[in-house]
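The next block holds one structure in the form of structure tokens; read it before the comments.
Read-outs: derived from the displayed coordinates by stated rules, not from any lab. Bear in mind the structure is a predicted one, so any value in this text is a computation, not a measurement. Counting neighbours? That spans all protein chains shown, and the Cβs are built from the backbone with ideal geometry, glycine included.
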Amino acid sequence: MLPLRKRWQRWWRGESTAGAGLDALLLAHYPGAVMLLDDQGVVCEVNPAFERHAGYPPEQLLGRRAVMLDIDPLRGDFAQALEQCLATRRAWQGVLLCRRADGSLRHQTTMIQPLQQGEAPPRLLVMQYDVTGMRERELRERHQLTRLEGSVARMPGVLFRLRQDGEGRLEFLYLSEGLQSLFGLAPEQCMDAPQSLLGRLPDEDRQRLEAVLAQSTVSLAPWQLDFRLSLPRGLRWVEARATPLARREGEQMWDGVLIDIDERKQVEQRIQRLVGIDMLTGALNRRAFLEQGEAALARSARHGQTLSLAMLDLDHFKALNDTYGHAAGDLALQLFATTCRESLRPYDLFARIGGEEFVVLLVDSRPEEAWAILERLRQAVAAIELEADGETIRFTVSLGLAVLSADGSLDAGLGQADRALYRAKHSGRNRICGPESLVQTPDMP
């Protein structure tokens, strides 16, 4: 069998390639145009299928420079590629826009290979394959992708793809640009380092996210979760909705969207506060107190702490109402509530549970500290002066204190405090009664 170089020499001389082997068959049946050029870029030979693929009859191109195929024969990309290949003696590959004989433009993926024959000037083997259809599809898809990315960027949310591997590690495979505009976080950074986003969830919210992901992994059901993000401008509420993709071995993925719901949450919280507030005094109502009290009790139980609970009742309030009228009674309740809030700490719970009955839940306080706080409150109430019909009205409050253990219940605590309040009322009023282990204040006149 002749060496490949000898076969090319025979092909250059126009000799038959019958029986020459695989290389000749490839040349004859290559699904594109093949040209052999001299060192000036002049076409010396073409393959049999040249006219069908390039659009030019061989006799129209042989003896002429191949750059006539270029849309700009003098300064086009084809001429520059040939010059580069001759100067470097290295192959060149790329896509050229070429003009056919009928004037139509076609994208041709092109390879130019220098062929050195001893001391003779190099020749160039040019192989072209028409990729116009693929190129046009690529351009259309790129245009559509650009439009889609523009639409996604304008969405009032963040599209994401979340992946969880077999060891439970999470990573974002995609985050849309809305992450930057809505939350000030760079999508690329959060994809490279997922904790840049996930690390901003409070521990409680991160645990809830892990729980819904675990459930969705088992059930392959969509999930929804409201959580908070800690951002430089403060905590913001976010809603996440996602649908699981078909699970692969050892991993699970979800496609979803993040929506900023901070404004909605603020409205909901305002409504919740209104629903849970006593309109006359501004204190919590009974329902709100029970909900928040149960939550406070659960937190203290987790840390093995006790809570102090006190029942408060204005002394002789019915007589005040009967003597000075309900308007004066309402004003007394409002002044009392204001005084209580000023005497308590911001995180203590204060609620009105009846006509002149109130309750206080002292958070994170030992019983001795709670007693001191309530004594300060009792004295502040005794100092209130209310003007009505030219008279100065004074009133007092009786208090019953109970201590809730870590395994206690709110109902049991309210019962204990109510019994302590009963003792305070029947032992002279204007005083605090509580557990026997605590030192009680002296009787008040």
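For segment 329-432, the fraction of alpha-carbon pairs lying more than 22 Å apart is 30 percent, rounded to a whole number. Cβ-Cβ distance of GLU136 and ARG270, R₀ of 56 Å, FRET efficiency by 1/(1 + (r/R0)^6): the value works out to about 0.50.
Each label was represented as a point 7 Å from its Cα along the Cα-to-Cβ direction; for THR88 and ALA412 these points are 8.4 nm apart. The structure shown yields volume of the Cα convex hull per residue in Å³, and of the options (1) 172; (2) 258; (3) 140 that calculated value carries the label (2). With N as its number of residues, segment 207-297 has a Cα radius of gyration that, divided by 2.2 N^0.38 Å, comes to 1.48. Rounded to the nearest whole angstrom, the semi-axes of the ellipsoid equivalent to segment 155-265, taken from the Cα gyration tensor as √(5λ), stand at 22, 15, 13, largest first.
State, as an integer percentage, the relative contact order of the chain based on alpha-carbon contacts under 8 Å between residues 6 or more apart. Averaging sequence separation for qualifying contacts and normalising by length gives 8 percent for the chain. Would you work out which of GLY428, GLY94, ALA283 lies farthest towards the positive end of the dipole of the chain, given +1 charges on the beta-carbon of Lys and Arg and -1 on that of Asp and Glu, about the Cα centre? So the residue furthest toward the plus end is GLY94. Put a dot 7 Å past the Cα of THR109, heading toward its Cβ, do the same for GLN189, and the two dots end up 4.0 nm apart. Of the trypsin sites (Lys or Arg not before Pro) found in segment 150-201, the ones in coil according to DSSP and having at most 12 other Cβ atoms within 10 Å of their Cβ are ARG169. The GluC sites (Glu not before Pro) of segment 230-311 meeting both criteria, a DSSP state outside H, G, I, E and B (loop) and at most 10 other C-beta atoms within 10 angstrom of the site's C-beta, are GLU249. Loop-located chymotrypsin sites (Phe, Trp or Tyr not before Pro) in segment 304-366 (DSSP state other than H, G, I, E, B) with a sparse environment of at most 10 neighbouring Cβ atoms within 10 Å: TYR347. Using only Cα atoms and rounding to the nearest 10 degrees, what angle (0 to 90) does helix 326-343 make with the longest principal axis of the chain? Orientation of helix 326-343: about 60 degrees from the principal axis. Using 0.36 nm per residue and subtracting the Cα-Cα separation, the extra length available between GLN215 and GLU119 on full extension is 27.1 nm. Here the calculated FRET efficiency for HIS316 and MET279, from their Cβ-Cβ distance with R0 = 25 Å, stands at 0.55, rounded to the nearest 0.05. Rounded to the nearest 0.05, what FRET efficiency is calculated for ARG64 and TYR174 with R0 set to 60 Å and r the Cβ-Cβ distance? It comes to 0.70.
Exposure proxy shown here: for LEU105, LEU362, the number of other Cβ atoms within 10 Å sets the order, fewest to most, as LEU105, LEU362.
Report, in degrees rounded to the nearest 10, the 0 to 90 angle that the Cα long axis of helix 132-154 makes with the longest principal axis of the chain. Long axis of 132-154 versus the principal axis of the chain: about 20 degrees.
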